[in-house]
Amino acid sequence: MMTDPIADMLTRIRNAVSVERPYVELPASKVKRGLAEVLKREGYIWDFDEVDAQPVQQLKLDLKYGPNGERVIQRIRRISKPGRRVYSKARDLKPVLNGLGITIISTSRGVVSDREARQRNLGGEVLCEVW
């Protein structure tokens, strides 16, 4: 039984990047789709699409690497966990590594990056950090 599907998604991405896989497949959900959209918008993955599979739909993420094979996703870390939820206001969101990384936030308007949350003045649950 999986108690934290977002942590499972981040772990699958972390493991796939560490062995330089071209893609990773994971069970789909609305929040995971939102995370994938943010990662694509911010340039951490090439693309994603949903694959029909039984018993649940799968989300396929095409991972991104540099021209010499260097990893675009250096580190991906879960912040808010089932045992300790972390919430933040828009003005309290600080840039990760002085803007080189992003924080992904679940807001009332969907899943967004910290830059978008500051622009739209949205706060919410801090899901993870990526750099």
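The values are calculated or read from the model by the stated rules, or taken from the named source; none is laboratory data. Computed from a predicted structure; not experimentally measured. Every residue, glycine as well, gets a Cβ built from its backbone with ideal geometry; the counts of neighbours run over all protein chains shown. For the accessible areas, the whole protein counts, side chains as well, though only heavy atoms, and no ligand, DNA or RNA atoms are used. Shrake-Rupley method; radii C 1.70, N 1.55, O 1.52, S 1.80 Å.
Restricting L93, L127 to residues that are crowded, with 17+ Cβ neighbours inside 10 Å and within 23 Å of K64 (Cβ to Cβ) narrows the list to L127. What's the total number of residues in the stretch 76-90 that are open to solvent by less than 40 Å² (accessible area, probe 1.4 Å) and more than 13 Å from the chain's Cα centre (by Cα)? Final tally of qualifying residues: 3. Just so you know, in the stretch 104-124 the residues that are β-branched (V, I, T) and either open to solvent by 10 Å² or more (accessible area, probe 1.4 Å) or touching a residue at least 40 places away in the same chain (Cβ under 8 Å) (or both) include one that is nearest to S80 (Cα to Cα), and it is I104. Can you name the residue in the stretch 92-131 that is under 12 Å from I79 (Cα atoms) and among the charged types (D, E, K, R) and, of all such residues, is farthest from the chain's Cα centre (by Cα)? Looking at residues that are under 12 Å from I79 (Cα atoms) and among the charged types (D, E, K, R), I get E125. Of the helices (runs of 4 or more DSSP H) that lie entirely inside the stretch 1-120, those containing 1 or more residues that are over 18 Å from W131 (Cα atoms) and in contact with an Asp or Glu (Cβ under 9 Å, 6 or more places away or on another chain) span 30-41.
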